[in-house]
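The values are calculated or read from the model by the stated rules, or taken from the named source; none is laboratory data. Quick caveat: nothing in here was measured; it's all calculated off a predicted structure. No Cβ is skipped: glycine too gets one built from the backbone with ideal geometry, and neighbour counts run over all protein chains shown. Just so you know, the surface numbers come from the protein's heavy atoms only, side chains and all, with ligands and any DNA or RNA stripped out. Shrake-Rupley method; radii C 1.70, N 1.55, O 1.52, S 1.80 Å.
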Amino acid sequence: MTDQAVGGGHLPPEAAEAAATTAPGPRAAAPRPAGAAARPTVPATAAAPSTGGFAGRRRELKELHADIARAGLDTLSGRKGARSRVLLIAGRPGSGRTALAEELLRELADGHPDGVLRATLTGPDGEPADTGRTARELLAALGTGAPPGAPEDELTGRLREALAGRRALLFLDDAPGADQVEPLLPDAPDCLVVVVSQGPLTGIPDVRPCALGGLDSAAGVAVLSRYAGPTRITVDPRTADRVVEECGGQPAALVLAGAWLAARPMSSVADLCQALRAVPLPPDLPTGARPLFRAFRLAHDALPAPAARMLRLLTLAPGGLVDAHIASALAGCSVAVAATTLSECAALGLLRPAADEGEEAPGVPAPDAALYPPYRLPGCLCPLVRALLTEHERPAEIELARARMLERTVRLLQSCRAMAEPADSPARRKTAGLPRALRFGSRDAAAHWLRIRRGALLDAARIAVVDGELDTLDRRLMAVLTRTLLAHQGAEAAAPDLYALHGLVLRVAERRGLPRERAAALLNLGDLDGQAGRTTQALTRYRGALEAARLVKDPLATGRALESLGGTYTELGDWQRAADWYGRALELRLARGEGGDAARLHGRIGGALTQAGRWDEALKAWRAAVGAYRRLGEMAGRARATGEVARVQEYAGRPEEALRTCLEALDIARKAGGGRLEAALQLRIADTLERLGDPAAARLHRAAGERLFGDHPE
């Protein structure tokens, strides 16, 4: 897993500064981060800047540069290979592999003008990331879209196509193996792929591996000194060497050890060495894992009980992204206390600031009460913290913490969605009564929060429904997340995320035998499949939804499924089937006394029959629509339907009848005050008059129609 914050001697200035200024004792005072200004956003395709604190690994860097320059097996003939070159940085979590990769990317950035694309191929729970989702995120970073619900092969193919001809760097962090890497490799010889993994990438040809061991003594002491301060290290250099040895030269362990010492100005390096040796080890722990285990347990056990408990509960955070809101909900404390504790844990090397996800966006004023800086657990620490969670917390307490976190997430989403509405809307007025920490200062701030936490929110939805039963809290989360994405992103941009959410609901509904939820999910997925051009798949979805809706006698879902089937057959040009399905939906609407929907469906049936060339039946349907709109008192709908009657009469070869009917429709449109509809009818009358051999009258009506269009722009 990613270990950049504690890796390869790469010393983030935030952590180094925090360690150097920590007050005595493990709970040093820290400023509340809510009021701190966020940093500028780093684009997804931009190279990460150097922190200026990279220690050691110069030999490995030199070897990596040499591997780039060396001819590959497929370039020995003097021709470029068909695919990108692949560099592998291999090492166990905590060895500084991610930090080394980032330093390499920084040094190579100038030679790759199309920037750096980054993806992490292992989730915070240790499971391999979904390759299709990774490809979609990389496409989004390139500014290239993909249809919602597109299969993995299509997404990876689009990614290769988008990278073809570019000169970019692709960084794949924490790769579980070759199966997750190979589909993402671009067919672009000018691109370079840097992969971080624990083991080899067997099956991918011409991979150049760089295996990492521990830092040498001098580099290890430099890391220790950078965190603990140089004075005590200089006074006792031999013991400092022993500390590096106890830490196995692992940067992650050295950072934790140095931060522990920095928090204790009265302790010596010898005290640190003795404390590390005193940490008991599990009997089955591999030798290579012992240094990091000791350093982590030393740091964890020194925390006050509430802070240690909060740290353990952070492993429940969706997507591994935490801020003061999530931490306070998990631990059941105030947001201010959570913000301080997170800052202190970051100073101790137990968390890393998620700088690229907490940046300030243009138009977002800082500070904003709801925008707290995000953090992540270093990937190398996740398994260790997760093991302590199951050891110290009862299952009921874990479930309660997760419920509190989901409830807080729902409230933040409600506040975020409300900011997309007008200032005087009921939702905005309701939001004004929320605690200050749950309120966003502007729509831009709310949209920024949604954007940087989007992945974590989708993971929250997955967690909520995977093992759940779609209970009240789960339903609320899914519903408000869907509405919030639509409100801030729009239907088209939100479609891929909505497809994933509806897919989650469908899987749970099928597993738990919930036909009502199954019908709703299938309807939503069918709509998205239809919009993406997958009409056959949409038909299957709608038929399944109809079956589920009828099972629970849900008239709303049944009606929507029937209409959707009619609409899909309309898209396919199968007009007879479209009219049949619309007819079934009409029967349901009439039985329920839903006059408005019935009028609309009469029109859809008339439209399908018109396309099929069945004029008499089409006239009957459109006249039924006219009558339905007359009974409803809807003049505009009546005028449109009357105009369609005239159209069918003309198609049927009865222009005189069509003219009389169109003049009737024009009179109704004038009474309805529909300027553009009146204009369209005037032009249709002009066309009919020309066919009847009256060009003078046609010119008058055409001029009137064009004038009306000018007076009533869209």
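Assorted remarks:
- Test: residue in region 183-202 that is among the charged types (D, E, K, R) and in contact with a strand residue (DSSP E or B) (Cβ under 7 Å, 6 or more places away or on another chain): no
- Unique residue being of a type in the set (S, T, N, Q), within 26 Å of GLY559 (Cα to Cα) and crowded, with 24+ Cβ neighbours inside 10 Å when the list is THR642, THR610: THR642
- Checking each residue in region 105-154 for being under 18 Å from GLU182 (Cα atoms), of a type in the set (A, V, I, L, M) and open to solvent by 20 Å² or more (accessible area, probe 1.4 Å) picks out only ALA129.
- For ARG57, the conditions (1) in contact with a helix residue (DSSP H, G or I) (Cβ under 7 Å, 6 or more places away or on another chain); (2) modelled with pLDDT of 90 or more are fulfilled apart from (2).
- Selection from region 235-251 of residues that are open to solvent by less than 20 Å² (accessible area, probe 1.4 Å) and among the aliphatic types (A, V, I, L, M): ALA240, VAL243, VAL244
- ALA665 in contact with a Phe, Trp or Tyr (Cβ under 7 Å, 6 or more places away or on another chain), open to solvent by less than 60 Å² (accessible area, probe 1.4 Å) and not polar (S, T, N, Q): no
- Any pair with Cβ under 8 angstrom, 6 or more apart, that starts in region 565-585 at a residue that is of a type outside the set (Val, Ile, Thr) and ends at one that is not in a helix (DSSP H, G or I): TRP575/ALA612; GLN576/ALA612; ALA579/ALA612
- Sub-8 Å Cβ pairs linking a first residue in region 133-151 that is on the phi > 0 side of the Ramachandran plot to a second residue that is open to solvent by 20 Å² or more (accessible area, probe 1.4 Å) and of a type in the set (Lys, Arg), at least 6 apart or interchain, are GLY149/ARG534, ordered by first then second residue.
- If you go through region 158-205 and keep only what is open to solvent by less than 40 Å² (accessible area, probe 1.4 Å) and in a loop (DSSP other than H, G, I, E, B), you end up with ALA168, GLY177, LEU185, PRO186, ALA188, CYS191, GLY199, LEU201, ILE204.
- Residues in region 435-460 that are among the small types (Gly, Ala, Ser) and assigned to a helix (DSSP H, G or I) were compared, and the one that is farthest from the chain's Cα centre (by Cα) is ALA437.
- Residues located in region 385-406, provided they are part of a helix (DSSP H, G or I) and open to solvent by 60 Å² or more (accessible area, probe 1.4 Å): ARG386, THR390, GLU391, HIS392, PRO395, ALA396, GLU399, LEU400, ARG404
- Residue in region 415-425 that is polar (S, T, N, Q) and over 16 Å from the mean Cα position of the chain (by Cα) present: yes
- Those residues of region 319-346 which are open to solvent by less than 10 Å² (accessible area, probe 1.4 Å) and under 18 Å from ALA460 (Cβ atoms), in sequence order: VAL322, ASP323, ALA324, HIS325, ALA327, SER328, ALA329, LEU330, ALA338
- Flag if LEU486 is open to solvent by less than 20 Å² (accessible area, probe 1.4 Å), at negative phi, part of a helix (DSSP H, G or I) and touching a helix residue (DSSP H, G or I) at 6+ places or on another chain (Cβ under 7 Å): no
- Residue match in region 661-669 (condition: β-branched (Val, Ile, Thr) and more than 18 Å from GLY606 (Cα to Cα)): yes
- Entirely in region 535-648, the helices (runs of 4 or more DSSP H) that have 1 or more residues that are of a type in the set (A, V, I, L, M, F, W, C) and under 41 Å from the mean Cα position of the chain (by Cα): 535-551, 555-572, 575-591, 595-611
- Filter result (within 26 Å of the chain's Cα centre (by Cα) and either part of a strand (DSSP E or B) or more than 14 Å from GLY320 (Cα to Cα) (or both)) within region 107-129: ASP114, GLY115, VAL116, LEU117, ARG118, ALA119, THR120, THR122, PRO128
- Selection within region 292-307 - closer than 19 Å to LEU400 by Cα, surrounded by fewer than 20 Cβ atoms within 10 Å (Cβ to Cβ) and touching a residue at least 24 places away in the same chain (Cβ under 8 Å): PRO306
- Conditions (1) farther than 27 Å from ALA295 by Cβ; (2) part of a helix (DSSP H, G or I); (3) free of Cβ contacts under 8 Å to residues at least 24 places away in the same chain; number of the one not met by ARG417: (3)
- Within region 217-254, being closer than 19 Å to ARG97 by Cβ, among the small types (Gly, Ala, Ser) and either free of Cβ contacts under 8 Å to residues at least 40 places away in the same chain or not in a helix (DSSP H, G or I) (or both) holds for GLY248, GLY249.
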